[in-house]
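So the structure is just underneath, and the comments pick up after that.
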Amino acid sequence: MYRVHRHYVPKIYVFLFVLELGVLVLSVYLGAFLRFGENSEVAWVSYGELFIRAILFAVVVMICIIGMGLYQRHMRADKKELVWRVCVSFLLGALFLMFIYYLFPGLLIGRGVFMFALLISLSSIVFIRIMTIDFVSENGGTSAVLVLGAGKNATVIETQLRRKTDRLGLDIVGYVPVGDESPHVSEERLIREKTNLLSLAQLYQVDEIIVAVDERRDMLPVKELLDCKMSGYEVVDQLAFFERQTGKVMLEMLTPGWLVFSDGFRFGQIRSYSKRIFDIVVSLLVLGITWPVMLLVACAIKLDDRGPVIYQQVRVGCNWRLISVLKFRSMRVGAEKDGEVRWAAADDDRITRVGRVIRKLRIDELPQIFNVLKGEMSFVGPRPERPKFVDQFSENIPYYGERHCVKPGITGWAQISYPYGDSEKDAREKLQYDLYYVKNYGLLFDLMIIVQTVAAVLWSKGGR
């Protein structure tokens, strides 16, 4: 993997990004050639002025491809869904480009060139993606990994990375028991050669050693690990390994010491100010685009049952401060008149007809733009939770309170990485993604989350 702004990106995705961006740029040139041939009268082809238009075409379509979740490591799409996502990406890209061409006619590449470029790049990228799926299915991983340990921690690696998409760029060659550790891994996955760790690394030609020993005190072979490190083998702690592979912080293995000494969790003034400016700019842009939709939703809610349009709900914000979160009302009036606080169920009879639609599309969250402009929320961050649930989770889930050291958000890493949660188990799983965000957040990460939220909305992921 490559490390970009504290985030690990599989090499195959970097390769795909460069390849697909190149395909998009070249498809515009090829489209111009098919449309005009070698006609010298087309000045912007002859003198290279097509380059800016080709870059615009490639960037807009690539943003839509990213927005459809085609660069998410945890996406589990078969070929049919993958082709469908690519097609939707190009449809959205074409619509955005036509809007840009309408505003800036000087950037237009011509209808014929535009259609040729779309067809060429669409078919090429579908072919590239299908070939990539076949390659990953046949080859599994490209980096050979040896796991030191075969106990409970090692089984977490087996269960968490059970699919080929989870092990993208990774090939686990086996597990090495340490001392009198009781093996929890299947016998065929164990490596029991009576030799030192360096010899095993050389024998199996590994690139990396993951330390997943249950009890490190008096059991960790420090000298052997040091020999491996000095011989050029990468030695990685299991927490850092999972963070890299899954985009979350594993609670089962988390310790206060790791939180203190790990890279990340930086909250300087410059980062706070830049994030605040980012929030204001993005919120105003989204408000400028979505205000007609918000107006239609408000009218629909009023016509549906004559109740209030906006619903205010108390949530826990940054530093445990209570905030009043604004939402379009999606439940009938008096939905919690009994005083019992509970999650929305799959077929909740409290949800109105309009509410069922706007919750699926997450339109009910749009009024929270005003919470962002007031400074109570950020556009991207952990979702704010209700006080009763926060008290319950803080008591039962370790490190739950750490998610409140940043402002809550309208969307977040957990929202695009995990479906809607309605239990303490789901809250625990989402916390792992929230901790990853708190540890590694930045403007580029925020922008990526916003773009990929589009896929979550279109595929009705995370809403109920």
Query raised in the report: Can you give the extra length, in nm with one decimal, that the chain gains between ASP349 and MET131 once fully stretched, where that is 0.36 nm per residue apart less the Cα-Cα distance?
Result: 73.9 nm
Report task. Work through the residues other than THR195 whose Cβ is under 13 Å from its Cβ and net out their charges, Lys, Arg +1 and Asp, Glu -1. Result -> -1
Query - Candidate aspartates and glutamates for bridging to LYS374, where Cα separation is under 16 Å - those fewer than 8 sequence places away on the same chain excluded - result: ASP279, GLU365
Report task. Mind listing the long-range amide H neighbours of ARG329? Cut-off is under 5 Å, sequence gap 5 or more, other chains count too, H placed in the peptide plane at 1.01 Å from N. Result -> ILE310, TYR311
Query - Radius 10 Å from Cβ of VAL372, net charge of other residues (Lys, Arg +1; Asp, Glu -1) - result: +1
Query raised in the report: In straight Cα distance, which lysines are under 28 Å from LYS194, not counting same-chain residues fewer than 8 positions off?
Result: LYS152, LYS223, LYS229
Query - Reach of LYS302 by Cα under 23 Å, taken over lysines that are not fewer than 8 positions away in the same chain - result: LYS327, LYS337, LYS360
Query raised in the report: Where does each of ARG356, ARG129, ARG403 land when they are ranked from fewest to most other beta-carbon atoms within 10 angstrom?
Result: ARG356, ARG129, ARG403
Report task. Take the eigenvalues of the Cα gyration tensor for the chain, scale each by 5, and report the square roots as semi-axes in whole Å, largest first. Result -> 40, 35, 19
**Report entry** Value of D in µm² per second that Stokes-Einstein yields for the stretch 144-247, Kirkwood Rh from Cα pairs, at 10 °C (1.306 mPa s)
**Finding:** 116
**Report entry** Amide H contacts of VAL235 (H built 1.01 Å from N, under 5 Å, at least 5 apart or other chain)
**Finding:** ILE209
Report summary line: The local net charge around ALA54, scoring Lys/Arg +1 and Asp/Glu -1 for residues other than ALA54 whose Cβ lies under 14 Å from its Cβ, equals 0
Report task. Of the DSSP beta bridges with both residues in the chain, give the percent that are antiparallel, rounding to the nearest 5. Result -> 45
**Report entry** Computed helical MRE - 222 nm, the chain, DSSP H runs ≥ 4 contributing -39500 (n - 2.57), nearest 500
**Finding:** -17000 deg cm²/dmol
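Where a number appears in this text, it was derived from the coordinates with a stated rule and is not lab data. Note that the structure is predicted; figures quoted are calculated from it, not measured. Don't worry about glycine lacking a Cβ; one is built from the backbone with ideal geometry, like all the others, and counts go over all protein chains shown.
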